[in-house]
Amino acid sequence: MQKMKWAILGTGKIANRFATALKNIPDRAELLAVGSRSLETGQAFAKKYDIPRCYTEYQAVADDPDVEIVYVGTPGVFHLRDVSMCLAAGKHVLCEKAFTANAQEAEKLILLARQKNLFLMEAMWTRFFPIHVKIREMLEQKAIGDVTGMVINFMAKPPYDLNNRFFDLRLGAGVMMDTGSYGVSWAYSLFGKPEQVKSLAFFGESGADYSSASLLKYPAGQIVTITCSQISYDYKEAVIFGTQGRIEIHDPWYKPTRMTFYSEGQQPEVFAMPLNHYTGYEYEACAVMDCIQQGKMECEIMPLDQTLEIMKTLDEIRAQWVFSKPI
């Protein structure tokens, strides 16, 4: 297949991993440009990944006539601005999660992409990992009988810095929009829209949600528990329960390489799917390029209507919380 020419907006941790991924698939992708607000940071990023074009204005990235698709890796509070800019310039977009700050912003971006007939997708890379593809196949085949629910844990403790994106409200801080959104999205991919949502949260000194627990109930009776924290020691295991078995996805479930399948009356079966030299973002990037080259403006694995519904659920969860004053 023909290569696609990519640009990246932002030079943070995830942008670095995505750049590495594109470099791992040179037969499919060419990383042509990077946009950074800092010339020094942008030049260092460009040198590290052998990127020929470095811009200090994001608009210049969008206006580059050779760029076909932009990966937006800026903080979520800026996604409405940055994605709109790229779409207006005629670029396809892969936008890092959380897709936007709220459902209203998500709806605006989806409408613009459809008006422009351009590809747009939320970068929920988890859905594209081989183990998650296998899980969807197993559930469709009723390998564990009827699914009765899931328990999803995502504890990840970043450096405690009130000025970084995890704690600074101006940068969209809060654990639900960061790690919690993974669990909500995964539940949607398996069960669709929940009929009932309940959630509680703890707020830390910055005013952001530091920990939360949410329950999602579905029309067929499944109940999903999502627990996430950015102040607890790391723990990222998940379990899918069924009437005749269960699937344990081992840490880290959101980018897994191992899972164990338990079937009633049978010996457990371990599935190992190592990434080898991949970062994991390669699966997502290839799926995006496949869609665009096939003339599809959405990906059926991460459709835009579902992204919007997920954002509405995230809005509902946060609306239930009683925001306390900073400690």
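The values are calculated or read from the model by the stated rules, or taken from the named source; none is laboratory data. This structure is a prediction, so every number in the text was calculated from the model and none was measured. Backbone-built Cβ (ideal geometry, glycine too); neighbour counts: all protein chains shown.
Tell me whether the range 99-116 contains one or more residues that are in a strand (DSSP E or B) and of a type outside the set (G, A, S).
no
Within the range 2-50, track down each residue that is β-branched (V, I, T), within 21 Å of W125 (Cβ to Cβ) and either in a helix (DSSP H, G or I) or in contact with a Phe, Trp or Tyr (Cβ under 7 Å, 6 or more places away or on another chain) (or both).
I8, T11, I14, T20, V34
For the range 259-270, indicate whether the set of residues that are under 28 Å from F18 (Cβ atoms) and without any contact (Cβ under 8 Å) to a residue 60 or more places away in the chain is non-empty.
Among the residues of the range 259-270, not one is under 28 Å from F18 (Cβ atoms) and without any contact (Cβ under 8 Å) to a residue 60 or more places away in the chain, which makes the answer no.
May I ask you to list pairs of residues, at least six apart or on different chains, whose Cβ atoms are under 6 Å apart, with the first in the range 300-320 being of a type in the set (D, E) and the second being in a loop (DSSP other than H, G, I, E, B) and buried (at least 16 other Cβ atoms within 10 Å of the Cβ)?
D315/N102
Filter the range 117-156 down to the residues that are under 21 Å from D305 (Cβ atoms), in a strand (DSSP E or B) and not charged (D, E, K, R) and list them by number.
Listed by number, the residues that qualify are L120, M121, A123.
Can you tell me how many residues in the range 51-78 are of a type in the set (V, I, T) and in a helix (DSSP H, G or I)?
2
Take the range 6-42 and flag every residue that is touching a residue at least 12 places away in the same chain (Cβ under 8 Å), of a type in the set (K, R) and more than 20 Å from D66 (Cα to Cα).
Passing the criteria: R17, R37.
Considering only residues of the range 173-185 that are in contact (Cβ under 8 Å) with a residue 60 or more places away in the chain and out of contact with any strand residue (DSSP E or B) (no Cβ under 7 Å at 6 or more places or on another chain), which is nearest to K142 (Cα to Cα)?
Residue satisfying both the conditions and the ranking: S185.
What are the pairs with Cβ atoms under 7 angstrom where one residue, in the range 63-85, is over 13 Å from A7 (Cα atoms) and the other, located anywhere, is of a type outside the set (S, T, N, Q) and in a loop (DSSP other than H, G, I, E, B)? Sequence gap at least six, or different chains.
P75/R165; P75/G172; G76/A98; G76/A101; G76/G172; V77/A101; V77/G172; H79/F99
Look at E309 and say whether it is in a loop (DSSP other than H, G, I, E, B) and of a type in the set (D, E).
Judged against the criteria, E309 is not a match.
Among all residue pairs at least 6 apart or on different chains, which show Cβ distances below 7 Å where the first residue, located in the range 202-214, is in contact (Cβ under 8 Å) with a residue 12 or more places away in the chain and the second is among the acidic types (D, E) and assigned to a strand (DSSP E or B)?
Within 7 Å, the pairs are F203/D209.
This table checks each residue for (1) surrounded by 20 or more Cβ atoms within 10 Å (Cβ to Cβ); (2) free of Cβ contacts under 8 Å to residues at least 40 places away in the same chain; (3) in contact with a helix residue (DSSP H, G or I) (Cβ under 9 Å, 6 or more places away or on another chain); (4) among the hydroxyl-bearing types (S, T, Y).
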| residue | (1), (2), (3), (4) |
| --- | --- |
| E195 | no, yes, no, no |
| P219 | no, yes, yes, no |
| S232 | no, no, no, yes |
| K236 | yes, no, yes, no |
| I240 | yes, no, yes, no |
| D251 | no, yes, no, no |
| P256 | yes, no, yes, no |
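Could you tell me which of the residues T243, T225 is of a type in the set (S, T, Y), in contact with a strand residue (DSSP E or B) (Cβ under 8 Å, 6 or more places away or on another chain) and farther than 26 Å from E122 by Cβ?
T243
Among the residues of the range 101-117, count how many are more than 20 Å from the chain's Cα centre (by Cα) and touching a residue at least 12 places away in the same chain (Cβ under 8 Å).
The number of residues fulfilling the criteria is 4.
When you check M289 against the structure, is it crowded, with 18+ Cβ neighbours inside 10 Å and closer than 19 Å to Q141 by Cα, yes or no?
In short, no.
Checking A173 against (1) outside the structural domain of I226 (by TED's automatic domain parsing); (2) small (G, A, S); (3) within 20 Å of the chain's Cα centre (by Cα), which test does it fail?
(1)
Check T279, T243, T307 and return the single one that is in contact with a Ser or Thr (Cβ under 7 Å, 6 or more places away or on another chain) and within 23 Å of V70 (Cβ to Cβ).
Step by step, each of T279, T243, T307 is checked, and only T279 is in contact with a Ser or Thr (Cβ under 7 Å, 6 or more places away or on another chain) and within 23 Å of V70 (Cβ to Cβ).
What's the total number of residues in the range 266-297 that are assigned to a loop (DSSP other than H, G, I, E, B) and in contact with a strand residue (DSSP E or B) (Cβ under 7 Å, 6 or more places away or on another chain)?
Number satisfying all stated conditions: 1.
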